[in-house]
Every structure is written in structure tokens, then in C-alpha cells.
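The values are calculated or read from the model by the stated rules, or taken from the named source; none is laboratory data. Keep in mind that what you see is a predicted model, and the values were worked out from it rather than measured. Note that each Cβ is placed from the backbone with ideal geometry, even for glycine, and that neighbours are counted across all protein chains shown. To get the accessible areas, we keep the full protein, side chains included, count just its heavy atoms, and leave off ligands, DNA and RNA. Shrake-Rupley method; radii C 1.70, N 1.55, O 1.52, S 1.80 Å.
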There are 2 protein chains.
Amino acid sequence: MTDSSLLAEERSSLSMPETPTLAHVARLAGVSENTVSRVIRDKGPIATETRRRVNDAIAQLGYVPNRAAGSLASSSSLIIGVILPSLSNIVFPEVLQGINAGLAGTPYRPMIGVTDYDLESEQHLISSLLAWQPAAIITTGFAHTDTARRMLEGSRVRIAELMDIDDRPIDLAVGLSHRQAGRAMARHLVNRGYSKIAYAGHDWASDRRAYARYQGLREGLGEAGLPLVAECRTEQASSTLEGRETLARLLAENTGIDAVAFSNDDMAVGGFMHCLAANISVPEDLALIGFNGLEIGQVLPKPLTTVLSNRFAIGKTAVEILLEDTKRPPDARIIDTGFSIIEGATA
Amino acid sequence: MTDSSLLAEERSSLSMPETPTLAHVARLAGVSENTVSRVIRDKGPIATETRRRVNDAIAQLGYVPNRAAGSLASSSSLIIGVILPSLSNIVFPEVLQGINAGLAGTPYRPMIGVTDYDLESEQHLISSLLAWQPAAIITTGFAHTDTARRMLEGSRVRIAELMDIDDRPIDLAVGLSHRQAGRAMARHLVNRGYSKIAYAGHDWASDRRAYARYQGLREGLGEAGLPLVAECRTEQASSTLEGRETLARLLAENTGIDAVAFSNDDMAVGGFMHCLAANISVPEDLALIGFNGLEIGQVLPKPLTTVLSNRFAIGKTAVEILLEDTKRPPDARIIDTGFSIIEGATA
DNA sequence: CGACCTTATCTCAGCGCTAACATCTCTTTC
DNA sequence: GAAAGAGATGTTAGCGCTGAGATAAGGTCG
């Protein structure tokens, strides 16, 4: 331990508790820096005894690798870029939870960005995330600006496009068919004997998946020979408040409706609240169906009939597949996490 | 443009579309790398003409700085480490939204970690985030393991401890006094003439702030000469489902209660659902008060009486203050974002 | 027993930036 | 008009790690 080298000297000088580097660990363990690096990353053959000494040295010094240096040297980082359209809708935090769960126990960390459903904003985020040379970028849907698409395709980074599977992904898509989900909603209502079916929705311009479900709904009704008798949409983002008001508006403007399909559970829960306040019996006077299967819907006095989208699984599965292989495979892959009708008491 | 240097040569070889570096930009703009770096970071005096040339070159090449290299060279990164206890409770995504809003327009990006209310887990996250030499670490509350506290204090990184202000922060605390919020809840109920007040709560072991509110509630009642007539807690994390069940249990085990203070809005909304299902008139038979001021509470047929915590502002304010100065100031600062009673119709 | 693996380690040259300092104009000031 | 300063840029030496190749020591085999 009487190593008179500069490093050791500096380290031992109490005045400057320098943060330990690979070099310190290597010196203490009596091996080369590269060997330490290989022990840490578990690469190549290491003698058991060497591994022990290195690990001891790491523990003794409390060494923590400098990720910036590692990223620079390997030109790839342990970052997973995550781009979400929103955080106000609980759905995306749940996807993020899944991503986080998939990342647990790995050295990868999510770096996040929120687009507010804006493609330009997504493009900027992609560019700024690529500056970190992440291992992967996880984003939402298939709609990107041309530039964004070029950046994603051009990078060697793995790409996951979440939530939707109704188009061709760049690398990996994990989600469900919103069109099919919409059709399933229609079939459910039809099977339950409803025939005067209306739609209450939110902003399509930003939420393309909501629009896909709407299309599916119409298709499903069409197949049963039924029309969509009425529809009402808010230009706002979905929320319980908007759901409540949108249903109120729908019912004020139309009569004879026996069921309403909502663009999602937030809207549907809001609708349910309107029914409570307006003394409308659900489902006797009016049936309601939502989409997502949020907890709040299942705690209503009558559990909401809805479609379970597996948000957590979408995030987790995506990460698991992305981490399987750091290299982008020759052809894109699509994972259908499916959906299922939750038979509540509202439709 | 007949530059025969290696860099230009490589770049022009169509076979290998190398990603541009500072060197490429410098060459194209006819200045030194350092000048480009200074233009990008807006450091030191730059001639207008030089700036123009550099920016043109950047645009032409589509140059994006390599953050890893920058971090390594400056031994500090444009990362803000964000450690949240949970993502299932909408409260924390809202804080994250605030953080994100505060970061908008800056080159900083949040890197997140979720502790599940576990301090060991927080410690690991702190260590793994510090490996990125972030500009700041944002975490929750004042409870940390000794090791975690030492790591935070020892780093030169700025630290924000969010949500609570009832203790001494390491560097910056942004939040509200949960004890005072609890007392305010008590005062509100007392002022409205309720005297048989009970408590329905969730897991304290993990959620210390819920416990602080409980203590405040008891203090507040004590000051009015009133007891807490009953209480019931679930060992689970808060949720609408647990709220519903916990209130059911509380009422099954006790009679004569005229008001219930809940540990938060999730629980309170669940409680409201129980009342709806069990035909209990709110607030005539039973008054309810929550905490947080979530949207869902305000969409109930009767808007929930609750305490507004300014989650978004907490996140945003914290970021703004942290970015004001990259160096930790000599003494810690506490920002009270306050709270306010939302006078709903349930208490 | 020399050729040839296999295993375990080391050497060394960067990765793409930034900090610190050096340099070279011009002004300004007395 | 020499000294001093301000403005604008260049030069140089790393930051702490990893990748590729070199090296060395032992085992296998015809």
C-alpha cells in the first residue's frame, strides 16, 4: 500500500477526496484498468481470484463507473430514451411503469420526454435523445415527421413504437389493434341488444388511436347493419370533466340513444358522473362503454364496461425485447399485447 | 471545398455517412473546434459573422452534439436525475409534468427512477444517477438512508427534496407542510360543525407525508377539544379501491361518525363510491374530505371537499430554482408552495 | 516437441468534447 | 505613443473509459 504514484497520493490526501476512477480500482486490485472494466461489464474470461480482488477493490473504494466516459468510449449509452405523448392521462405513466419494471435490475435508465401529442415536438426530442447515443428509443404510434422518421431509421439505435400495431413499425411495435378494439366494443353493445348507439369522444387530431377505435366502432356497427345514431366530440384532450360535459351535450342534442361508446375510460367515467348527477339509470336508461380498463372505472358504484388495454405489459414487453439484442434485427417485429372486454355493469 | 483532409474525405465518401462531429463543423465553418463549442454553448464573445458561419455549418451538416463527450470533458451533464416514489398515484406524474415544464426550452433532460417508497431502492438509484454526473437530483421527502444522504451531500450536484417542507433540506426543499394541511382539514370540519370525526387512511410506513397529515389532523382536532372518534387503515398503498373498502370497514366497525377525513383523494373518491353504492347521503349522513385536489374528485356528482396541493408547481418551481445556479448555495432553501381548501360539496 | 489452440491479461490509442491558457488584434487612456 | 485592457480566436491537454490487438502462460495433439 506504499504506492507512491500520483493517483494513490492524491487519493490519500485527505484534503481532496477525489472520486475514484477505474485507475484507482485497477491500482488497488493490482490489475490493469481494462481488466477492471471487463470484470464490471462481465466480458471475456476472468480468473475467479482476479474477479474477487477487483470486486473487493470496487467495494473498498465505493467506485461508481463514470457513464459519460463509458458512453463516449463505446459510442453507446445505457440510456433508454422514452418519448410519451402526455403524462396527464394515467395511461402513459402506466406504460412508463412497465418500462421501468422491464429495466429493473439492468444498468439502463430511462430518459424521458413528453410531446403533448405534437409531432414537431417529438422530432426535437428524438434529436436531443439521440445526442446521448441511447441503447434504444421508445416512442408512441407510427406517426412521425419525415425528419423524425429519417433520424430514427438512420440511427443504429433500437426503436420501439408503442400502443398500436395497425401499421408497419421501423423496428418493433408493441400494442394492440385499436381498430379491432373499436369493433369489439361495437359487437359487445350489439350483442347486448343495444341498437341506438352513439359516440362521445375527444380530440382526434392528436390522439390517432382514439380515431382508429372510432373507425372500428363504425365498422363493427356497420357489420351488424346498425348506424351510429349520434356523436359528440370535444376538441379538448380527454378527461373526466370533458367526458361529463360531452355526454351532457350529446344527450341534450339527441334523443332515443340507448348506449354510448366513449373514446376512453376518462371520458366514460365523466359520462357516468353526468348520469349520476342527472339521475339517468345506467344501464337501464343508458348503457356506457369505455376503453382502457382504468381502476377508477372499476370502483364506480357500477363497474364500468370497458376494454382492457394492457399498458403495463406494453411497456415491459417492449423493453424486454429491446434488451434482448442491442442490434436492430433485419426485419421489424410486431407484438400484439391484445385487449379484452371487461364485462362491467354499465353495458 | 477541395479539402483533402481525412475528416472531409471520410464524410464525403458516400459509403459511410459518418455522423458529424465538432471537427466537421469547425472545418466547414473555417474556425477552430473550440470556437464552435463556444458558439453552441453561448460562452464568451463571438463575432456575429463567425456565429452565423458556425450556425450555418451546423444546420448544413445536421450536427448534433455528442452529450457523452461533453459530459466527460466538463465532468457534468445536462441530466436531471428524478427519483419518484411511485407512478401509480397520479400525483407523481403530475410532479414530473411540472419538472418537464420547467425543463422545456433547456437542453436538460430528466432521467427517472422509481423507488416504490423503498429507501434502499432510492439509495441505489441515487448512486446510479450520480454515475451520470447530473446537474441536479430531484427526490422526494427528507427520509434517506445514511449512505444515500452521504452520497447526496458529498456530491457537488444540486439536490431538491420535493413535496414536504417540515424538515431541514440538504440544498432545496419545495412543497408544503403536510402537518399544517392536516390541521387545516381538521379546522375545516370543525368549522362546518362536525364533531364525530374519523380517519380513513392507507399505508404510513411508506408514505410519511400521509402520516404527517394524520398527525396534523389530530392536533387540529385536539385544539378544538375534539377527539378522533375512529380510524381505519389499510396496509396497502392508496387507491380508490382501497378507499372504498376502507370506508366500508370503518363504518361497519363504528357508528355515529359524521365526517371522515381521508389520507388522500384516491381514498376519498373510493369512499364516495362506497357511499353511492351503500346509499349514504353525502354530506348529510356523512361528510368526506380528501387531500390533493385531483380532477376526479371534482367531477363527482358532488365535488369533493379536499385540500389542493400544487403538484405541478412543486416540480416546476424546483427545476427553475435548481437551474438558476448550478452550484449549491451555502445555505439550504425552503419554498412553500402552499395548499388551499377546495370547498366542495362533501364536507 | 513444435504447432496450435485456449485462457487470462496487458498495452495503447482514441471516443468528441471542454477548460485553461496563449495569442493576436484593436481600442482606450493618460 | 506606450501601457493596459477588451474582444475574438486558436492551441493544447486531457476527461475516464472501452475496443482491438498484442502478449504470455499453459494445455492438446499428431
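Quick notes on this structure:
- Of the numbered criteria (1) modelled with pLDDT under 95; (2) within 16 Å of DNA strand C (Cβ to nearest atom), the one A:GLU10 fails is (2).
- Residues being away from DNA strand C (no atom under 15 Å from the Cβ) and either at the interface with chain B (Cβ under 8 Å from one of its Cβ atoms) or polar (S, T, N, Q) (or both) - total across region A:75-91: 6
- When each of B:ARG67, B:ARG52 is tested for being more than 26 Å from A:ARG156 (Cα to Cα) and either more than 8 Å from DNA strand C (Cβ to nearest atom) or within 14 Å of chain A (Cβ to nearest Cβ) (or both), the lone residue that passes is B:ARG52.
- Of B:GLY62, B:GLY44, all but one fail to be modelled with pLDDT under 95, closer than 23 Å to A:SER127 by Cβ and within 12 Å of DNA strand C (Cβ to nearest atom); the exception is B:GLY62.
- Qualifying residue in region B:131-153 (condition: within 21 Å of B:ASN264 (Cβ to Cβ), in contact (Cβ under 8 Å) with a residue 60 or more places away in the chain and facing chain A (nearest Cβ under 10 Å)): no
- Within region A:38-66, the set of residues being part of a helix (DSSP H, G or I), open to solvent by 60 Å² or more (accessible area, probe 1.4 Å) and either more than 8 Å from DNA strand D (Cβ to nearest atom) or assigned by TED's automatic domain parsing to the domain that holds A:GLU324 (or both) comprises A:THR48, A:GLU49, A:ARG51, A:ARG52, A:ARG53, A:ASN55, A:ASP56, A:ALA59, A:GLN60.
- Given (1) away from DNA strand C (no atom under 14 Å from the Cβ); (2) closer than 25 Å to A:GLY62 by Cβ; (3) out of contact with any Lys or Arg (no Cβ under 6 Å at 6 or more places or on another chain), number of the condition B:MET111 does not satisfy: (3)
- The residues listed here are A:LEU103, A:LEU72; of these, the one that is among the aliphatic types (A, V, I, L, M) and within 16 Å of DNA strand C (Cβ to nearest atom) is A:LEU72.
- Residues being touching a Cys at 6+ places or on another chain (Cβ under 9 Å) and either within 9 Å of chain B (Cβ to nearest Cβ) or of a type in the set (D, E, K, R) (or both) - total across region A:264-285: 1
- Of the set (1) modelled with pLDDT under 95; (2) part of a loop (DSSP other than H, G, I, E, B), all apply to A:SER281 but (1).
- Being in the same structural domain as B:MET267 (by TED's automatic domain parsing) and in contact with a Pro (Cβ under 9 Å, 6 or more places away or on another chain) is a description that applies to B:ARG192.
- Of the set (1) under 21 Å from B:THR317 (Cβ atoms); (2) part of a loop (DSSP other than H, G, I, E, B); (3) not assigned by TED's automatic domain parsing to the domain that holds B:LEU323, all apply to B:PRO134 but (3).
- For region B:105-122, a tally of residues being within 9 Å of chain A (Cβ to nearest Cβ) and assigned to a loop (DSSP other than H, G, I, E, B) returns 1.
- Any chance A:SER15 is away from DNA strand C (no atom under 16 Å from the Cβ), within 12 Å of chain B (Cβ to nearest Cβ), open to solvent by 40 Å² or more (accessible area, probe 1.4 Å) and at pLDDT below 95: no
- Scanning region A:67-84 for residues that are open to solvent by 10 Å² or more (accessible area, probe 1.4 Å), more than 7 Å from DNA strand D (Cβ to nearest atom) and not hydroxyl-bearing (Ser, Thr, Tyr) turns up A:ARG67, A:LEU78.
- Of the strands (runs of 3 or more DSSP E) entirely within region A:161-278, those holding at least 1 residues that are free of Cβ contacts under 8 Å to residues at least 40 places away in the same chain and open to solvent by 10 Å² or more (accessible area, probe 1.4 Å) occupy A:228-233.
- B:ARG209 more than 13 Å from chain A (Cβ to nearest Cβ) and more than 22 Å from the chain's Cα centre (by Cα): no
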